Amino acid sequence: MSSIDYTEYAVTDGDGDLTITSNKIDVDTMANSAVSHVTLDYGANYWGDLIYRFKVTGVSATANQGGVIISGFSEGSFTFQDVIDNDDAIVCFIQAMDASTMRIGIHDPNLSNTDTYDTTFKSLWIELERSGTTLTAKIYSDAFSTIVTTLTITTVATAFQYHVALGSRDAADADTITFYIENAEILSPTTTTSSSTTTSSSSTASTTSTTETTTSSSSTASTTSTTETSSSTSSTASTLSTTSSTYSTTSTTESSTSSSTSTSSSTGTTTTFSSTTTTTVTNYCGGSQNWAYAAPQPWDHDEPYWAGRTMRYVIPANRLRAYGSKVGVYFGHFADDYEIGECWIGHKGSSVQGWDFDGSQAQVKFGGSDGITVTSPGIWSDETTFDLDAKKDLVLAVYFVDDKIPRGTLEPDVITYFKDGNDASTEDAVGYSILPDYNAQRVIEVICSSEGVSTTTTSSSTTTTTTESGTSTSVTSTCSSSSTTSTQSTTCTTTTTGPYWAWYQDKPVLLIDPNWISPVNQRIGDPTDITKYYGKEYGFGHYREAETIIEADFLRDGLAEIRSMFDFFDLVRGRHGAFWVPSWLTDINVTAAFDAADLTITVEDFKWADYYKYSGTAQYLFFVFPDGSTAIRKLISATSNSITIDSAIGISVTAAQLSRLLTCFLLYGRFEQDILEMEYLSALTSTCRLSFHGLPAETPGIITSTTTTSTTSTSTSTSSSTTSSSSSTTTTTA
């Protein structure tokens, strides 16, 4: 990353409108007719893929000012009119639509492509990113934290020479505009270079000295000490296929044989020792059943500006699905190699800051070293001793030496924070910032648990003794060692649906879609006890709130899906255990687009205050986004046209996508059956009908209220005026 110094740029100020300091360009009533520009020659073909940030503040304008370049990349044209005439640049511009409205836009005159955003005159933070032939402008309302909109166009593939920090309109009229540009940074490309050194080490194992003494009738023979030293280098090769997720692991077998011979000068005793030790270690991530967190996928591109920064990757408990006392981490690779300087893993602390460790953190190493250069196709870390609890949020802190790391599509609920410097091991960390695209997938593909770890050691020894008489020989000692490597390949195929259940607030979540061909039925139950007297009956309800009962058909395709349904039923033991299940109905209708960082969402009135404010049924919400990803959020409050949730929604949804958004209640409940029956429609396809009833009074986090009733009784004696009072209090919890 490098900051722009505008005093290093070449300046042409045709009308004397510009005031330039190192980090700011002030533009005061620049007319359309002005010929002014601020440029710098970076050398041929410099500006290919790029990320460039700056702040722009619109102050005022006369009507319909024609547009000024506020950042452009050019082959030699420096004003907006030259760019249009010569078709040799891509630009971001500011334009006054009228005296109170400004427009921010991106434009490629070569292809006549433009995308714009209109707003009032104000400060905006803009991040331009060019990847291949796609140019985007992310527009923020604050310092690259809250995104307002993203502009996107297709551009030519030209790699440009010049940066145009400012270029006037250069057209024949007098309309003017006043604004300023400041605090620009080049995030990519960068001229920073770094070198990495990978040191390989071999392990040396030495046996202890072995001395044997044999006593005969005439003499004592002692063998000389024999020390066996063997050097070996073992390697573990892991290959990740981005399509079928195929991992190959290597198990190493080491074999050593030693023999020693000794003979006395009178009566010779020859003793031969032979020993073989075989150690077989099965890789701790031998299959997908051991994956605590899995997001293997093709990467989109290499993301720059990470050199010298620490990333904290926070994975919520609802994305974890395996326990273990040891873990391994798989780091992905796209096009560029990158160096990890240090890495730590731990559970999230209880502070309000979302990136702290709770004190359980452990260092993740690579071949015994703190860091490593990740090369294609990716690399596993060493096995790390760490008690992974799948019911706690997980934090992975990585310090990067190199500039670029692989990046992919969004990972719902996973948040990325960053900070300059190496801060990977700090428990109570400060000064981190959330990335604007905080839940993009970065670096990590798999975190696995120690389930399935297998270490087998086999030892054998043989001793042979031969006695000879009257022989004198010299002592001979022979040592040999051998190393044999065999490779075992394990193929794991993952589906986009992920695990069939996650955990939320210490309870499993049934994330199996119903068969949408059949309707999901909802009814209301109000269980009561009936007390019958002569001629009358009285009903006593168990709860102050009626139960929601859901019935749905589930279609399972393939043995794995069929097995998963039985596994979940066994996990909660039929009607015994409580769990979370979505209603799969449109309980809430969202009526306006929202951004990933939003906490308040516009909805159609669902009478929250009248029916749900103190209800266990409406405490939690389940979202299914248009891309198929899901999220669970707690409902904090609601009005007639909005809801407020406990944390950022995590995914942006446009107005055009609302019809493909499902927002329903997440019920806390149980099965209504103790027997699970599957009807096979074919050899590998089956269906079943399940019924669930909610437990509104038992829902975690239910809002409670207290009512107090006082009763006073008074009695007066006839002999003396004495008044006594008694008070009783009854507390009712809703």
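Quick notes on this one:
- With all protein chains in place and ligands, DNA and RNA left out, the 1.4 Å accessible area ranks THR699, THR149, THR7 as THR7, THR149, THR699, largest first.
- By accessible area with a 1.4 Å probe, ligands and nucleic acids excluded, highest first: order of ASP557, ASP26: ASP557, ASP26
- Compared with the alpha-carbon gap, the fully stretched path from THR114 to ASN521 is longer by 141.7 nm at 0.36 nm per residue.
- A probe of 1.4 angstrom, applied to the heavy atoms of all protein chains, finds THR158 with accessible area near 60 square angstrom.
- Loop-located chymotrypsin sites (Phe, Trp or Tyr not before Pro) in the range 608-664 (DSSP state other than H, G, I, E, B) with a sparse environment of at most 16 neighbouring Cβ atoms within 10 Å: TYR614.
- FRET efficiency, 1/(1 + (r/R0)^6) with R0 25 Å, evaluated for GLU677 and THR586 via beta carbons: 0.30
- Cβ-defined net charge surrounding PRO316, 10 Å radius [Lys, Arg +1; Asp, Glu -1]: +1
- Out-of-range pairs (alpha-carbon distance over 25 Å; input LYS326/LYS348; LYS138/LYS419; LYS55/LYS419; LYS138/LYS348): LYS138/LYS348
- Scattering curve values for the range 652-693, log₁₀ I(q)/I(0), Debye with Cα scatterers, q = 0.18 Å⁻¹: -0.76
- Reachable lysines, given that their alpha-carbon falls under 17 Å from the alpha-carbon of LYS613 and they are not under 8 places away in the same chain: LYS634
- Rg of the Cα atoms in the range 1-139, relative to 2.2 N^0.38 Å, amounts to 1.00.
- Computed Kirkwood radius, in angstrom, where 1/r is averaged over Cα pairs of the range 315-415: 14.4
- Taken one residue at a time, the phi angles of the range 313-318 give Karplus couplings (6.51, -1.76, 1.60, θ = phi - 60°) of 9, 9, 10, x, 4, 5 Hz. Gly and Pro are set to x.
- Spacing of the two label points (7 Å from each Cα toward its C-beta) at ALA593 and SER60, in nm: 3.2
- Ranking ARG575, ARG670 from most to least accessible surface, computed with a 1.4 Å probe over the protein chains only, gives ARG575, ARG670.
- Sites SER640 and SER100 - FRET efficiency at Förster radius 35 Å, r taken between beta-carbons, to 0.05: 0.65
- Spin-label pair THR654/ALA697, simplified geometry with 7 Å Cα→Cβ offset, distance in nm: 4.9
- Surface composition of the range 577-639: carbon and sulfur make up 49 percent of the accessible area, probe 1.4 Å.
- The Rg/Rh ratio for the range 1-70, using Cα coordinates for both the radius of gyration and the Kirkwood hydrodynamic radius, is 0.98.
- Computed on the range 77-122, with alpha-carbon pairs under 8 angstrom and 6+ residues apart, the relative contact order is 30 percent.
- Other residues lying with their Cβ under 11 Å from the Cβ of ASP17 contribute a combined charge of -4, Lys and Arg counting +1, Asp and Glu -1.
- Rounded to the nearest 10 Å², the accessible area of ILE651 at probe 1.4 Å: 10
- Maximal additional length on extending the THR146-HIS576 stretch stands at 150.3 nm, based on 0.36 nm per residue less the C-alpha distance.
The values are calculated or read from the model by the stated rules, or taken from the named source; none is laboratory data. As the structure is a computational prediction, the values presented were derived from the model and not from experiment. Cβ: placed from backbone, ideal geometry, glycine included. Neighbour counts: every protein chain shown. Just the protein is used for accessible areas: all its heavy atoms, side chains included, with ligands, DNA and RNA removed. Shrake-Rupley method; radii C 1.70, N 1.55, O 1.52, S 1.80 Å.
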